[in-house]
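Read through the structure below, which is laid out as structure tokens, and then see the notes.
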Amino acid sequence: MKKNLLSLIFIVFTINLWANGVRIEGIYYLLDSETKTAEVTYTDNKNAYRGSIVIPEKVTYTGTVYDVTKIGAYAFQGCSRITSITFPNSLLDIGNDAFYGCENLQKVVVPNIGSWCKVSFKDNPFGYVRFFNMEEGIAEMGYARLYSDENTEIINLEIPESVTSISNYAFSNCISLQSVSIPNSVTTIGNYAFSSCKNLQSIAIPNGVTTIGNYAFSGCMSLQSVSIPHSVKSVETVFNGCDSLFNVTLNSDAIAGSNHIYMKDIFGKHVKEFTLGDSVTRIGNYFFSVCTEMTSCTIGNNVTTIGEFAFVGCSSLDSIIIPNSVIDLGQRTFEGCSGLKSIYLGSNADNRENFYSSVYSAFATNGLTSLESIVVAEDNPIYDSRNNCNAIIHTESNSLILGCQNTVIPDNVIRIENDAFCDRIGLSSMSIPNNVISIGTLTFWRCI
């Protein structure tokens, strides 16, 4: 009987030890005797923690030293009296909902940014925390204020050169951040790494970065401009919810040239000014499709191909300059660009046989209702806009491919191709020269 009672006491003690861990200097841990590591663990005593909590790098229990490497799932759940928490450099892992319900937490202290970038987060560590905004006197759901010590808030974050990868969720919901500088050593920015940093205004992404994870900068509502370097090979939905992101520069050929990635999915729907850098050689099919708020797009001087429907539905696009380097235009490239007022076609010096049909299929399309000006470079070997006629004319055949409201058809034009003036709303009259022997189908369709 006595032996059974001792066994029962031992079992109860073991269960209690597993449920609440070992308490060392006020913090509960699970200890691994084999690896000599400690995990901050859950306790059902919600009043166990209050004020400023400092998690140490090492703890000692019964003479054995343990490295504190993990904060377990739900470790501080519901501990509403915590006002600040300091993380050790030894930390490697933070479990699910570790700080859920810490509604009075005001400061997150990270003494070593390099170490923090390497921590593995199971989810957004502060996404379900109500942080108290001392300046406004209100509680905000899911926002953290990042500190390097108890008195120094991190506003301008500089990632150290020792970092090669920024882990998932590393700086998610950090309301204090206004700018981030990332060194050339970084190759990967993880999923949600800077998501919901709502005061982030600028981010410098270096040439070393090859991968930007899903939603890495989503919800950064103050971010106004961004430049993506040529080194980036993989992105998906990165800047979703960045409602102030109006200016984008893209230098990655792998992104711009893909037929499976679309601009608005990556950068959101509010981009107004877009620049394709000189590292870009191709614009993929549908890449800018239905970017209804984009007013300008600068195409780099090394782009040779613009894919099918690349700008379809860009109703606010005001003008387009097709550089000299372009030798291939996909069909219906500019269909539905109802706000497009001017087109400039460069010299396109590579005189390929199929360039005639390429240009024709790109511009002989519906929806160019506002077109006012068309200019072709003087040294273009295939096309011209002779006598400032505001039209694209195939030089060899004297065929007018594209016209606008202000077109004056030259006397030596003999053909007007299909759809040449289709949808030119406001075109009330047109003088047809005597030399014209052929007018295509739907040439003046919907010119009302």
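Given axes a ≥ b ≥ c from the Cα gyration tensor, I'd like to know whether the range 268-307 is rounded (a/c under 1.5), prolate (a/b larger than b/c) or oblate.
Numbers: a/c = 2.78, a/b = 1.56, b/c = 1.79.
Because a/c hits 1.5 or more and a/b fails to exceed b/c, the range 268-307 counts as oblate.
Give me 446, 424, 282 ranked fewest to most by other Cβ atoms within 10 Å of their Cβ, as a rough exposure proxy.
Working: 446 14, 424 24, 282 21.
Exposure proxy ranking, most exposed first: 446, 282, 424.
Ranked highest first by average number of other Cβ atoms within 10 Å, how do 190-197, 173-180, 290-297 line up? Walk me through the numbers before you get to the answer.
Values: 190-197: 24.9, 173-180: 21.2, 290-297: 19.2.
Final packing ranking: 190-197, 173-180, 290-297.
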key: Residue among 396, 39, 158 with the largest mean-square fluctuation in a Gaussian network model of the chain, springs linking Cα atoms under 10 Å   = 396
task = Please list, or write none, the aspartates and glutamates whose alpha carbon is within less than 15 Å of the alpha carbon of residue 341, excluding same-chain residues fewer than 8 places away.
result = 318, 372, 423
query = Which ³J(HN,Hα) values in Hz, rounded to whole numbers, follow from the phi angles of the range 408-423 under the Karplus curve 6.51 cos²θ - 1.76 cosθ + 1.60, where θ = phi - 60° and Gly and Pro get x?
reply = 10, 6, x, 4, 8, 6, 10, 9, 10, 6, 3, 6, 4, 10, 4, 6
remark   = The lysines whose Cα lies under 17 Å from the Cα of residue 264, excluding any fewer than 8 residues away in the same chain, are 272
Under 24 Å from the Cα of residue 58 - lysines, other chains or at least 8 residues apart = 36, 46, 70, 107, 118, 122
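Would you mind telling me the antiparallel percentage of the DSSP bridges in the chain, rounded to 5? Please report the intermediate quantities before stating the final value.
Details: 23 of 80 bridges.
The antiparallel fraction comes to roughly 30 percent.
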task = Could you work out the mean projected area of the convex hull around the alpha carbons of the range 160-230, in square nanometres to one decimal?
result = 4.0 nm²
message = Run lengths n ≥ 4 of DSSP H only: what is the helix-derived mean residue ellipticity at 222 nm for the chain, with -39500 (n - 2.57) per run over all residues, to the nearest 500?
response = -2500 deg cm²/dmol
remark   = Of the candidate values [x] 0.95; [y] 1.09; [z] 1.21, the one computed for Rg/Rh (Cα atoms, Kirkwood Rh) from this structure is [z]
request  = For the range 375-384, just list the computed ³J(HN,Hα) in residue order, Karplus coefficients 6.51, -1.76 and 1.60, θ = phi - 60°, integers in Hz, with x standing in for Gly and Pro.
outcome  = 10, 10, 4, 4, 9, 5, x, 10, 10, 8
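For the peptides 318-324, 425-431, 233-239, 73-79, what is the packing order when you average, over each peptide's residues, the other Cβ atoms within 10 Å and list the highest mean first? Provide the component values of the computation, followed by the final result.
Working: 318-324: 17.1, 425-431: 11.1, 233-239: 19.0, 73-79: 20.6.
So the order, starting with the most tightly packed, is 73-79, 233-239, 318-324, 425-431.
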query = So who's got an amide H within less than 5 Å of the one on residue 366, skipping anything under 5 residues away but keeping other chains? H placed 1.01 Å off N, in plane.
reply = 336
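Bear in mind that the values in this text are calculations on the coordinates, not laboratory data. Bear in mind that the values here come from a model prediction, so they are computed numbers and not experimental data. Every residue, glycine as well, gets a Cβ built from its backbone with ideal geometry; the counts of neighbours run over all protein chains shown.
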